[in-house]
1. Cβ contacts < 9 Å: first residue over 17 Å from Leu91 (Cα atoms), restricted to region 17-39; second residue polar (S, T, N, Q) and not in a helix (DSSP H, G or I), any location; separation 6+ or different chain. Result?
2. Which residue pairs have Cβ atoms closer than 8 Å, lie 6 or more positions apart in sequence or on different chains, and pair a first residue in region 1-16 that is within 13 Å of Thr94 (Cα to Cα) and in contact (Cβ under 8 Å) with a residue 40 or more places away in the chain with a second residue that is crowded, with 20+ Cβ neighbours inside 10 Å and of a type in the set (S, T, N, Q)?
3. If you go through region 62-93, how many residues are polar (S, T, N, Q) and within 9 Å of the chain's Cα centre (by Cα)?
4. Kindly indicate which of Ile70, Ile64, Ile90 is touching a residue at least 24 places away in the same chain (Cβ under 8 Å), out of contact with any Leu (no Cβ under 8 Å at 6 or more places or on another chain) and not charged (D, E, K, R).
Amino acid sequence: MNAVSTIISNIYALLLIVGGIMGYVSAKSKMSLITGVISGLMVLVACKVGKEKPRDGYLFVGAISLLLSIFFALRYSTNHTFMPGGLMLILSTTTLVVVGLSLFKSSK
């Protein structure tokens, strides 16, 4: 994975983990804690895999951010609150676009 997509993906992973912890602290949501930490760790693992196999890293991070974009789009459409659904939708979609463009550029 290139430097830009690695940095964006690592920041995204940390925000997922911190968001899951904040969801637990503020709303006692165990589901938020579990999904935030697991998805954040999966993105971190994907970045590590991406060092050896960039294409696999791009696809792994892209798949996670796509699934989370869909999840947060549905969540935002039902409750129309910016936090956390709207913000995470923007972050997930941005990560998906950056990683997708990086994959596209690397395959040329």
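1. Short answer, once both residue conditions are applied: none.
2. Val4/Ser102; Ser5/Ser102; Ile8/Thr95; Ser9/Thr95; Tyr12/Ser65; Tyr12/Ser92; Tyr12/Thr95
3. Adding up the residues that qualify gives 4.
4. Selected residue: Ile64, the only one of Ile70, Ile64, Ile90 that is touching a residue at least 24 places away in the same chain (Cβ under 8 Å), out of contact with any Leu (no Cβ under 8 Å at 6 or more places or on another chain) and not charged (D, E, K, R).
Throughout, read-outs are computed from the coordinates displayed, never taken from laboratory work. Quantities reported herein were computed from a predicted structural model and do not represent experimental measurements. Here the Cβ is made from the backbone with ideal geometry for all residues, glycine too, and neighbour counts use every protein chain on show.
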